[in-house]
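See structure below.
The values are calculated or read from the model by the stated rules, or taken from the named source; none is laboratory data. These numbers come from a predicted model, not from an experiment. Quick reminder, even Gly has a Cβ in these numbers, built from the backbone with ideal geometry, and neighbours come from all protein chains shown. Only protein heavy atoms, including side chains, enter the accessible area calculation; ligands, DNA and RNA are left aside. Shrake-Rupley method; radii C 1.70, N 1.55, O 1.52, S 1.80 Å.
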Amino acid sequence: MKLSKTLLQAIAVGIAIGAVSSCSLFEDSSDVHLKSCDEACEVDHAQKHKNIDYCPACGMG
Amino acid sequence: MSKILASVACNLDTNILQAVLPLFQSEKVQAIEWSFDVLYNHPKIPRWFVELLVAFGNQNRLIGHGIFFSLFSGKWSAAQQDWLDHLKKISGNFHFDHITEHFGFMTGENFHKGAPIGVPLTAVTLAIGRDRLQRISEACNCPVGLENLAFSYSLEEVKRHGDFLSQLVEPVNGFIILDLHNLYCQMHNFDVEYKEIIKLYPLDLVREIHISGGSWEDSEVVKGKKIRRDTHDDAVPDAVFQLLDQTIEKCPNLKFVVLEQIGFGLETPESKIQFQKDFIKMDGIIKQKKDLLPNIKKKSFLAENSIPLGKPLEDKILHDQQIELSEILENSKNYVDAQNRLKSSTLAKTAWEIEKWEPTMIETVFQIVQKWKHGFVRK
């Protein structure tokens with residue numbers, strides 16, 4: 001299907017900014033930890049796990 | 001026969017969009033499937049993504065694919081009502097050609113923790129599934145369908161799955177998604193031939209086909225046996241393309257063939273190029289079939305009668321069993337522990353027929369639930 005050049009450019013820019021992910025739950029938080037983390041954990045799981053197993057848009061089998 | 005649309009599962013995911021963009025630019029993508037509930041708690045969708053959904057929707061080429069409704073939960077939840085309200089709202093914003101969900105129920109305490117696993121095929125689950133599909137139909141006001149599950153506990157269940165799907169969608173005049181990678185998982189895991197398994201599905205009800213990749217897991221129970229898992233994290237195997245080639249012409253009401261891959265599986269430039277090659281190959285197979293398909297008017301799959309909806313059906317025994325099963329699979333030390341606990345659970349000697357569950361499948365469902373039980377997070 002044909003999409004307008006304007007839309008294709010907007011998608012390209014949106015991707016380039018890199019502000020999208022299937023997993024919305026990480027996006028609003030700068031201090032996200034897994035249940036298994038220690039209280040003192042300093043790993044930024046919001047970044048580390050962005051877009052991986054924790055974002056099950058499909059493939060949960 | 002009208003056209004079959006070569007489609008992609010397209011979500012708001014950087015890797016997926018990077019992989020799909022060249023296909024958009026070359027006008028290869030004829031429809032998109034959007035998992036509208038993945039952004040359920042976070043409705044800030046970029047304007048350009050909204051425009052993408054609108055563009056495909058306006059051409060009757062946008063389809064919605066739910067993940068988290070948990071169709072067979074024995075107890076109705078506020079989260080399910082919220083999900084329906086959300087579906088009703090977005091169905092007013094976007095034009096979906098149809099809406100689909102998955103077979104099974106979600107383990108876990110909320111929509112974003114847990115995994116979809118099977119339920120016994122009984123009159124109780126049939127009634128609950130039908131009740132939920134009627135509510136989805138009422139909310140979206142377009143055709144509604146259900147996808148076959150990759151995971152099964154036993155060969156007997158595999159053999160009954162297609163007929164049960166047919167019974168489930170009947171009151172809403174619904175259809176099924178035939179996920180060929182899920183079929184491939186069942187063929188391998190239960191050693192069933194294609195010609196045997198395919199005739200167990202109501203192929204006249206197939207409006208959508210999925211293809212995807214997956215992964216192999218070494219079984220500890222049966223040394224040397226590999227279990228096929230529906231993880232969507234790799235390219236489409238040749239065997240699944242062969243299934244597509246063999247199946248299209250058997251489905252007179254087929255409208256969409258969708259290529260799915262999880263964003264995590266599309267991180268490298270090579271994997272994105274492979275995704276594009278898979279799409280081109282899929283499109284080529286569809287085009288080859290064009291002249292072989294019967295020239296008949298396809299079913300609309302629109303609900304024919306509006307059925308008055310009362311209070312949502314519930315079954316306390318089923319709910320309690322689902323809670324107990326989830327707890328066992330989430331908290332057992334290992335699959336042997338899970339197996340032993342199941343034997344002394346309230347699921348023993350019931351319609352769940354845990355006595356017939358394949359040991360390799362208990363091992364697999366334990367791994368699936370363990371993988372997803374943390375879903376997310378403490379803040």
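Can you confirm whether residue B:303 is small (Gly, Ala, Ser), under 22 Å from residue B:127 (Cα atoms) and open to solvent by less than 50 Å² (accessible area, probe 1.4 Å)?
Values: small (Gly, Ala, Ser): yes; under 22 Å from residue B:127 (Cα atoms): yes; open to solvent by less than 50 Å² (accessible area, probe 1.4 Å): yes.
So residue B:303 fits the description; yes.
Look at the range B:141-170 and say how many of its residues are open to solvent by 10 Å² or more (accessible area, probe 1.4 Å), polar (S, T, N, Q) and either in a strand (DSSP E or B) or in contact (Cβ under 8 Å) with a residue 40 or more places away in the chain (or both).
Residues flagged as open to solvent by 10 Å² or more (accessible area, probe 1.4 Å), polar (S, T, N, Q) and either in a strand (DSSP E or B) or in contact (Cβ under 8 Å) with a residue 40 or more places away in the chain (or both) within the range B:141-170 amount to 3.
Residue B:286 - would you say it is within 16 Å of residue B:179 (Cα to Cα), in a helix (DSSP H, G or I), open to solvent by less than 30 Å² (accessible area, probe 1.4 Å) and not hydroxyl-bearing (Ser, Thr, Tyr)?
yes
Answer with yes or no whether residue B:227 is within 14 Å of chain A (Cβ to nearest Cβ) and either part of a strand (DSSP E or B) or at pLDDT 95 or above (or both). Steps first, answer last, please.
Values: within 14 Å of chain A (Cβ to nearest Cβ): yes; either part of a strand (DSSP E or B) or at pLDDT 95 or above (or both): yes.
Taking the combined requirement at face value, the residue satisfies it.
Counting only residues that are in contact with a helix residue (DSSP H, G or I) (Cβ under 7 Å, 6 or more places away or on another chain), of a type outside the set (Asp, Glu) and assigned to a helix (DSSP H, G or I), how many does the range B:327-358 have?
Final tally of qualifying residues: 9.
Could you list all residues from the range B:252-281 that are away from chain A (no Cβ under 14 Å), surrounded by fewer than 23 Cβ atoms within 10 Å (Cβ to Cβ) and touching a Leu at 6+ places or on another chain (Cβ under 8 Å)?
Listed by number, the residues that qualify are B:252, B:253, B:276, B:278.
Output the number of the condition that residue B:243 fails; it satisfies all remaining conditions of (1) touching a Lys or Arg at 6+ places or on another chain (Cβ under 8 Å); (2) open to solvent by less than 30 Å² (accessible area, probe 1.4 Å).
(1)
Residue B:181 - would you say it is in contact with a Cys (Cβ under 7 Å, 6 or more places away or on another chain) and surrounded by 23 or more Cβ atoms within 10 Å (Cβ to Cβ)?
Details: in contact with a Cys (Cβ under 7 Å, 6 or more places away or on another chain): no; surrounded by 23 or more Cβ atoms within 10 Å (Cβ to Cβ): yes.
No, not satisfied.
Suppose we keep only residues that are open to solvent by 40 Å² or more (accessible area, probe 1.4 Å) and hydroxyl-bearing (Ser, Thr, Tyr) within the range B:316-349. Which one would you say is nearest to residue B:191 (Cα to Cα)?
Once the filter is applied, the top-ranked residue is B:335.
Name the one entry in B:279, B:264, B:301, B:241 that is at pLDDT below 95 and aromatic (Phe, Trp, Tyr). I'd like the intermediate steps shown before the answer.
Working: B:279 fails: at pLDDT below 95; B:301 fails: at pLDDT below 95; B:241 fails: at pLDDT below 95.
None of the others qualify; the one that does is B:264.
When you look at residue B:190, is it surrounded by 24 or more Cβ atoms within 10 Å (Cβ to Cβ) and touching a Leu at 6+ places or on another chain (Cβ under 7 Å), yes or no? Give the steps one after another, and end with the answer.
Details: surrounded by 24 or more Cβ atoms within 10 Å (Cβ to Cβ): no; touching a Leu at 6+ places or on another chain (Cβ under 7 Å): yes.
Spelling it out, it is not the case that residue B:190 is surrounded by 24 or more Cβ atoms within 10 Å (Cβ to Cβ) and touching a Leu at 6+ places or on another chain (Cβ under 7 Å).
Just one of the numbered conditions (1) part of a helix (DSSP H, G or I); (2) open to solvent by less than 60 Å² (accessible area, probe 1.4 Å); (3) closer than 21 Å to residue B:29 by Cβ is not true of residue B:235; which one?
Residue B:235 satisfies all of (1) part of a helix (DSSP H, G or I); (2) open to solvent by less than 60 Å² (accessible area, probe 1.4 Å); (3) closer than 21 Å to residue B:29 by Cβ except (1).
Applying the selection to the range B:1-34, what residues are in contact (Cβ under 8 Å) with a residue 12 or more places away in the chain, of a type in the set (Ser, Thr, Tyr) and open to solvent by 10 Å² or more (accessible area, probe 1.4 Å)?
Within the range B:1-34, B:2, B:14 qualify.
Has the range B:104-118 got any residue that is free of Cβ contacts under 8 Å to residues at least 40 places away in the same chain, within 13 Å of another protein chain (Cβ to nearest Cβ) and in contact with a helix residue (DSSP H, G or I) (Cβ under 6 Å, 6 or more places away or on another chain)?
No: zero hits.
What are the residues in the range B:171-199 that are part of a helix (DSSP H, G or I) and without any contact (Cβ under 8 Å) to a residue 40 or more places away in the chain, if any?
B:186, B:187, B:195, B:196, B:197, B:199
Could you please let me know if residue B:268 is under 24 Å from residue B:371 (Cβ atoms) and β-branched (Val, Ile, Thr)?
Numbers: under 24 Å from residue B:371 (Cβ atoms): yes; β-branched (Val, Ile, Thr): yes.
Yes: the conditions hold for residue B:268.
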